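Worksheet for the structure shown next.
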Amino acid sequence: MFQRRTKFALATASLAAASLLLSACATGATTGSDGSEDGTRTIRVATSNDAPFSYVDEATDELTGIDGDMMMAMADQLGWNIEVTVTDFSTLPQTILSNKADIIVDAMYVTDERKKKLAFTDTWYYQGEGMLVPADSTL
């Protein structure tokens with residue numbers, strides 16, 4: 001797992017691209033809990049709650065994980081409030097398309113099919129497939 005300093009560096013490096021995506025698709029609220037205009041924006045985040053990438057910590061009820069920490073660092077820098085919705089991975093794209101979320105914070109591969117409907121930030125992580133066997137294996 002990444003150390004906090006590495007996560008913050010990744011968050012800072014991704015800030016420009018992510019803030020463009022967020023500002024383009026976020027329609028967040030500008031009213032405070034008391035109904036007054038407080039200038040804050042609430043970003044509705046959807047995640048499938050998959051550790052270690054993006055999940056809600058049961059002890060703190062906060063979004064965390066590799067992607068979650070990057071989102072929270074960006075939100076802190078931009079002064080945004082985060083409202084998290086947990087849903088099945090297969091329904092994540094639909095949460096944005098049906099205007100139930102502003103952004104997906106999860107480990108989702110960028111595919112040509114998904115790019116037809118969703119805007120992605122730059123890919124920062126890629127996981128390849130592999131298998132290890134002992135050198136003397138007869139498989």
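The values are calculated or read from the model by the stated rules, or taken from the named source; none is laboratory data. Keep in mind that this is a model prediction, so the values were computed, not measured. All Cβ positions, glycine included, derive from the backbone under ideal geometry; neighbour counts span all protein chains shown. Ligands, DNA and RNA are stripped out before the accessible areas are found, and what is left, the full protein with its side chains, is counted by its heavy atoms. Shrake-Rupley method; radii C 1.70, N 1.55, O 1.52, S 1.80 Å.
Per-residue answers, yes or no, for (1) β-branched (Val, Ile, Thr); (2) modelled with pLDDT of 90 or more:
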{"site": "Leu15", "(1), (2)": "no, no"}
{"site": "Thr27", "(1), (2)": "yes, no"}
{"site": "Asp34", "(1), (2)": "no, no"}
{"site": "Gly39", "(1), (2)": "no, no"}
{"site": "Tyr55", "(1), (2)": "no, yes"}
{"site": "Met72", "(1), (2)": "no, yes"}
{"site": "Trp80", "(1), (2)": "no, yes"}
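Assessment of region 127-138 against the conditions (more than 27 Å from Thr40 (Cβ to Cβ) and not in a loop (DSSP other than H, G, I, E, B)) yields no matching residue. Only one of the listed residues (Ala46, Ala107, Ala119) is in contact (Cβ under 8 Å) with a residue 12 or more places away in the chain, assigned to a loop (DSSP other than H, G, I, E, B) and touching an Asp or Glu at 6+ places or on another chain (Cβ under 8 Å). That residue is Ala107. Residues in region 74-92 that are in a helix (DSSP H, G or I) and either open to solvent by 20 Å² or more (accessible area, probe 1.4 Å) or not aliphatic (A, V, I, L, M) (or both): Asp76, Gln77, Leu78, Phe89, Ser90, Thr91. Among the residues of region 93-104, the ones that are free of Cβ contacts under 8 Å to residues at least 60 places away in the same chain, open to solvent by less than 60 Å² (accessible area, probe 1.4 Å) and under 12 Å from Arg44 (Cα atoms) come to 3 in all.
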